[in-house]
1. List the longest stretch of the chain that has no exposed loop site; here a site is one of the GluC sites (Glu not before Pro) assigned by DSSP to anything other than H, G, I, E or B, with at most 10 other Cβ within 10 Å.
2. State the extension gain, in nm to one decimal, for the chain segment bounded by D23 and R126, taking 0.36 nm per residue of separation less the distance between their alpha-carbons.
3. Label-point separation (nm) for D34 and I191, each offset 7 Å from Cα along Cα-to-Cβ?
4. For the chain, find the longest principal axis of its Cα atoms and tell me its angle to the long axis of helix 77-87, 0 to 90°, nearest 10.
5. Two decimals, Cα atoms only, Kirkwood Rh: what is Rg/Rh over the range 415-570?
6. Out of all DSSP beta bridges with both ends in the range 6-240, state the antiparallel percent to the nearest 5.
7. Please give the FRET efficiency for K168 paired with R106, using the beta carbon to beta carbon distance and R0 = 35 Å, rounded to the nearest 0.05.
8. Taking 0.36 nm per intervening residue step and subtracting the Cα-Cα distance, what contour gain separates A254 from H320 on full extension?
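Please treat every number below as a calculation from the coordinates, not as lab data. Everything numeric in this text was worked out from a predicted model, so none of it was measured. Glycine gets a Cβ as well: all are built from the backbone with ideal geometry, and neighbour counts include every protein chain shown.
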Amino acid sequence: MPDRDPIPDFWRGISHTYGRAADLEELVRRAAADFLHASHLPPSPSFLELGCGNGAILAKLRVAVPGAHLTGVDDSPDMLAAARTAAGSETELVLGSLAGSLSDPRNTLRFDAVLSCNTLHNLRSRYDIASFLEHAGSAVRSGGYVLCDIRNSSNPFVSRGYARNRRKGLSFHTFSPWRAMRILRGNGFDILHCIPIRYSSLAEAGKDSLRGWRRFAYRLYLGLSRFPAFAPYVLIIARKRPRTLIEIAVGYHAQLFSLSPVENYHLHALRSARRAGFDPILYAVRPEVRIADDPQYDGFPIFTYENPFRYLLFFWSHRHDAVYAGTLVWQSMIAPFICPRTAFMTHDSVRRRAPWKQIVQDIVFRLSKRVRVVTPEEKEFLVARGLPPVKIAVIPLAVDSVHFRERGSHARNGIVFLGNVTPDKDIPTILRAFAIVRRSFPDIAFHVIGEVRDPSFEPLVRSLGLERSVVLRRFVPHSRLPEELSRRYLYANSSVSEGQCLAAYEAAACGLCLCLPRTLSFAGVFRESALFHDPHDAAALAGNMVSYLRNPAVAREHAARAREVVVRACGTEAVSRQEADLFSSL
């Protein structure tokens, strides 16, 4: 039979007496409680103690910081049973491990301070101690504290004593306080205090009875222990540095002002960054409006591009911060060269039409720490081009499916295009397809909701004889879009370079059937809930339109499936959580 693990018996045996002696461990508890008592904390702060034992520190914190929300975690049921009496009924006590508590999503960035005092030396190995220090910040809010004590590996008496305990089967480990501080600094902390925990006199150490050379030697030892390099225990107090994420937004325009807060993708990403514990900054390149006038703006700093020199200087000064870059312009593409912690999203199709642009994009993506795409097909495309799968996150833009839903009981009719009419939207293909459809359905209308910015649009309408069938509705605010879309039957799109066309998702959420190009952006998402044509193939698009017009039962079935796809994949909470996870990985 395997030898019995002595650890549970050890803790069971001391569960009701541990913490009563006025020893070095008690000095650790006092120093930790005194620091938090004197700290500038928010009202009703929340503290997490990992390895709370029988509640000795929790009891001190209850007195030192009245009104604090206390949570204690320990893997010994006997210790927790004793802690229920010592810490008070309002304290939340959890049976669990240190590693499990740090990886528990319920504890993410929740606490103002995380304490692990008189605990780390009991972990299974020095590797586990280092791992705890690396992940301690996952439960601490920005500006919060980590307090932990290290049993100093440089102190020969502690090192030899712990080695004897390990030979008895007890898990006692020393560690280098300098290595501990280095790990904490590398994981976003500033070291506030490195406090040597020591006895200040022979009487406090219980050695007052020593005489002769032993008394002199112990006094010499007490003098040396004033220095952290030789102290038996070292209490480290670290504060989590505020984390900054800079979003590079290209071409912020007035139409974003009317979007739902969910669908303003620039501001939504910044809110997700806050959720991940970052202090977000928006860096605007070529904004068409004053962003602070946006009704959804909620106070984060805004910087505006002035010239290349100032731009490069700004990002050089923030080279250690996280960056979220979108749109393939040089200002965004330069970010991964300066800031290694860059997540890149093109807001356009990742399949470039020009080979040289594809090569440049490949270089930018390889230098970026993470790449965000909106469909699995885009990920497969990038993997085939040599990008590591672990680097790619598939996260669609959020769609406000609560706002965009079928409104009223209108009889649906007509074909609609939603979006600004620009050359890259390939409206000529839709118009030529619509001209073919009118041969079978001469009374049908084509509604264009958006601004016409392509000078060739109206001449083409006239040349196809569609003046009376094309209805220009211009820009319609988001507040009125669901009602307008709910009157239409079919949404048509023929763009070859969409990233995620929110208009298609909004139309699907409002119950329209979809005719879409067979591209990376659409084919996988709406695989069994839309009809597809090859880009620029007006005849195939016209055939799909006619198929839906002649088969309303199929159109309704596909429309219902498409709405389910949008609600499931693009829900606000799901996208916010995925964005926060993406930013947390930077």
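1. On the way: sites that count: E90, E306, E467, E528.
In short, 91-305.
2. Numbers: separation 103, 0.36 × 103 = 37.08 nm, distance 2.40 nm.
Working it through step by step, the gained length comes to 34.7 nm.
3. That separation, rounded to one decimal, is 2.1 nm.
4. Long axis of 77-87 versus the principal axis of the chain: about 90 degrees.
5. On the way: Rg = 14.2 Å, Rh = 15.4 Å.
That ratio equals 0.93.
6. Working: 15 of 33 bridges.
The answer is about 45 percent antiparallel.
7. On the way: r = 37 Å, r/R0 = 1.05.
For K168 and R106, the calculated efficiency is 0.40.
8. Values: separation 66, 0.36 × 66 = 23.76 nm, distance 3.22 nm.
Full-extension gain reported as 20.5 nm.
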